[in-house]
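Asks: Here it is: the structure, laid out below.
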């Protein structure tokens, strides 16, 4: 009896984030999230296994975006150039209307260790996706993993800056700048 | 009425690891761990907040070892040389009689997502400890964080090799080799 619920997934994500921000992650139940979204608990569980996963629903999409951009980057590219193409692809999806949502997500995550751990898993998953794609392009190890690590580092640093409402630059600009800075920094390590 | 229990902490760690390996992490209770160690639940909770923390009790000690070695590395050193000194210090504590324990710990962790998440937190904690110590020596950001990241990467890669019983090298040798390999790899990124 699965009814069609328009935008159910997105409504659940927004309801969850709002409730986590208002009353805390621990105090929020799946029932409350479904209620707030005007949906049933059954609908919730058709989309997410538990309340923790709601905020990380984009992980597979993000991993695919990054990997595809690396796979499709034209011509001979260095590992960091391929990672740069991946960051351009993912950051283009963070349009300005997502900034407020992102700021709230960042604040809610920073406030809860369970969400922080889940966020660390997502970060690792995105790094693995990029490293896999680089290896498939013939990049060896450890360079593939290192380039991927620099990529996620640049992305999250840029995301933190972008989620701050005083910031006027696009996420793409911020991520490019962060990656350039990391590129310069590795020259100073030894 | 806290009785003195000789080696209580270590007995609890060993009992927990044995039980996790035998019957799985999820199926094991704090009561069973205390029983196996010949101790009470009260003693368990004097040492650890919950069963997950038992296997990560060494985190503070490890973080301090790494940070102190960076602080005390003599003379002008590059960030990676300071990290190399930190790895020498921590790996020296992994004597050969700990290899079997480490192999079991690695297998148990690989088998459970809750332990994997906790392990990722520990890894992040160790990286932060090194990055802090590097910054206190005047290393800027992002080089301090990057050098620390390369350090934990070398350590865990070496640890995985060392925990494999076929391996005959010391953890110190393996970690030095891993760090050298990473040092060479960063030159090939761009």
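The values are calculated or read from the model by the stated rules, or taken from the named source; none is laboratory data. Being a predicted model, the structure only gives us computed values, none of them experimental. In this analysis, Cβ positions are derived from the backbone assuming ideal geometry, glycine residues included, and neighbour counts consider all displayed protein chains.
Asks: Go through the range B:88-117 and count every residue that is under 21 Å from residue B:150 (Cα atoms) and either more than 14 Å from chain A (Cβ to nearest Cβ) or not in a helix (DSSP H, G or I) (or both).
Replies: Pass one, the range B:88-117, residues under 21 Å from residue B:150 (Cα atoms): B:88-94, B:106, B:116-117.
Checking which are either more than 14 Å from chain A (Cβ to nearest Cβ) or not in a helix (DSSP H, G or I) (or both) leaves us with B:88-94, B:106.
Counting residues in the range B:88-117 that are under 21 Å from residue B:150 (Cα atoms) and either more than 14 Å from chain A (Cβ to nearest Cβ) or not in a helix (DSSP H, G or I) (or both) gives 8.
Asks: Does residue A:184 fit the bill of being touching a helix residue (DSSP H, G or I) at 6+ places or on another chain (Cβ under 8 Å) and not in a loop (DSSP other than H, G, I, E, B)? Let's see the steps before the verdict.
Replies: Numbers: touching a helix residue (DSSP H, G or I) at 6+ places or on another chain (Cβ under 8 Å): no; not in a loop (DSSP other than H, G, I, E, B): yes.
Considered against the rule, which asks whether it is touching a helix residue (DSSP H, G or I) at 6+ places or on another chain (Cβ under 8 Å) and not in a loop (DSSP other than H, G, I, E, B), residue A:184 comes out as no.
Asks: Among the residues of the range B:158-169, are any within 14 Å of chain A (Cβ to nearest Cβ), surrounded by 16 or more Cβ atoms within 10 Å (Cβ to Cβ) and modelled with pLDDT of 95 or more?
Replies: Checked the range B:158-169: at least one residue is within 14 Å of chain A (Cβ to nearest Cβ), surrounded by 16 or more Cβ atoms within 10 Å (Cβ to Cβ) and modelled with pLDDT of 95 or more.
Asks: Restricting the search to the range A:132-154, which residues are closer than 13 Å to residue B:187 by Cα, part of a helix (DSSP H, G or I) and at the interface with chain B (Cβ under 8 Å from one of its Cβ atoms)?
Replies: Answer for the range A:132-154, where residues must be closer than 13 Å to residue B:187 by Cα, part of a helix (DSSP H, G or I) and at the interface with chain B (Cβ under 8 Å from one of its Cβ atoms): A:143, A:146, A:147.
Asks: Also: From the list B:31, B:112, pick out the single residue that is surrounded by fewer than 19 Cβ atoms within 10 Å (Cβ to Cβ) and in the same structural domain as residue B:147 (by TED's automatic domain parsing). Show your work before the answer.
Replies: Details: B:31 fails: in the same structural domain as residue B:147 (by TED's automatic domain parsing).
Result of the check over B:31, B:112: B:112.
Asks: Being more than 13 Å from chain B (Cβ to nearest Cβ) and either at pLDDT below 95 or assigned to a helix (DSSP H, G or I) (or both) narrows it down to one residue among A:120, A:82, A:129; which is it? Step through it out loud before you land on a result.
Replies: On the way: A:120 fails: more than 13 Å from chain B (Cβ to nearest Cβ); A:82 fails: more than 13 Å from chain B (Cβ to nearest Cβ).
One residue alone meets the criteria, A:129.
Asks: Out of A:73, A:57, A:69, A:82, report the one residue that is surrounded by 15 or more Cβ atoms within 10 Å (Cβ to Cβ) and either closer than 24 Å to residue B:119 by Cβ or under 11 Å from the mean Cα position of the chain (by Cα) (or both). Can you show your working first?
Replies: Details: A:73 fails: either closer than 24 Å to residue B:119 by Cβ or under 11 Å from the mean Cα position of the chain (by Cα) (or both); A:69 fails: either closer than 24 Å to residue B:119 by Cβ or under 11 Å from the mean Cα position of the chain (by Cα) (or both); A:82 fails: either closer than 24 Å to residue B:119 by Cβ or under 11 Å from the mean Cα position of the chain (by Cα) (or both).
Among A:73, A:57, A:69, A:82, only A:57 is surrounded by 15 or more Cβ atoms within 10 Å (Cβ to Cβ) and either closer than 24 Å to residue B:119 by Cβ or under 11 Å from the mean Cα position of the chain (by Cα) (or both).
Asks: Applying the selection to the range B:9-35, what residues are over 20 Å from the mean Cα position of the chain (by Cα), within 14 Å of residue B:45 (Cα to Cα) and in a helix (DSSP H, G or I)?
Replies: B:30, B:31, B:32, B:33, B:34, B:35
Asks: Tell me, please, whether a residue that is crowded, with 18+ Cβ neighbours inside 10 Å, touching a helix residue (DSSP H, G or I) at 6+ places or on another chain (Cβ under 8 Å) and outside any helix (DSSP H, G or I) can be found in the range A:39-52.
Replies: yes
Asks: Taking the conditions exactly as written (surrounded by 20 or more Cβ atoms within 10 Å (Cβ to Cβ) and within 12 Å of chain B (Cβ to nearest Cβ)), does residue A:182 satisfy them or not? First the steps, then the outcome.
Replies: Values: surrounded by 20 or more Cβ atoms within 10 Å (Cβ to Cβ): yes; within 12 Å of chain B (Cβ to nearest Cβ): yes.
Yes.
Asks: Restricting to the range A:94-103, name every residue that is surrounded by 13 or more Cβ atoms within 10 Å (Cβ to Cβ) and under 14 Å from residue A:166 (Cα atoms).
Replies: Step one: list which residues in the range A:94-103 are surrounded by 13 or more Cβ atoms within 10 Å (Cβ to Cβ), which gives A:94, A:98-99, A:101-103.
Once the filter is applied, which keeps residues that are surrounded by 13 or more Cβ atoms within 10 Å (Cβ to Cβ) and under 14 Å from residue A:166 (Cα atoms), the range A:94-103 yields A:99, A:102, A:103.
Asks: Sticking with this structure for a sec: Can you tell me which of B:145, B:140 is touching a helix residue (DSSP H, G or I) at 6+ places or on another chain (Cβ under 6 Å), assigned by TED's automatic domain parsing to the domain that holds residue B:65 and free of Cβ contacts under 8 Å to residues at least 60 places away in the same chain?
Replies: Values: B:140 fails: touching a helix residue (DSSP H, G or I) at 6+ places or on another chain (Cβ under 6 Å).
That would be B:145, the only listed residue that is touching a helix residue (DSSP H, G or I) at 6+ places or on another chain (Cβ under 6 Å), assigned by TED's automatic domain parsing to the domain that holds residue B:65 and free of Cβ contacts under 8 Å to residues at least 60 places away in the same chain.
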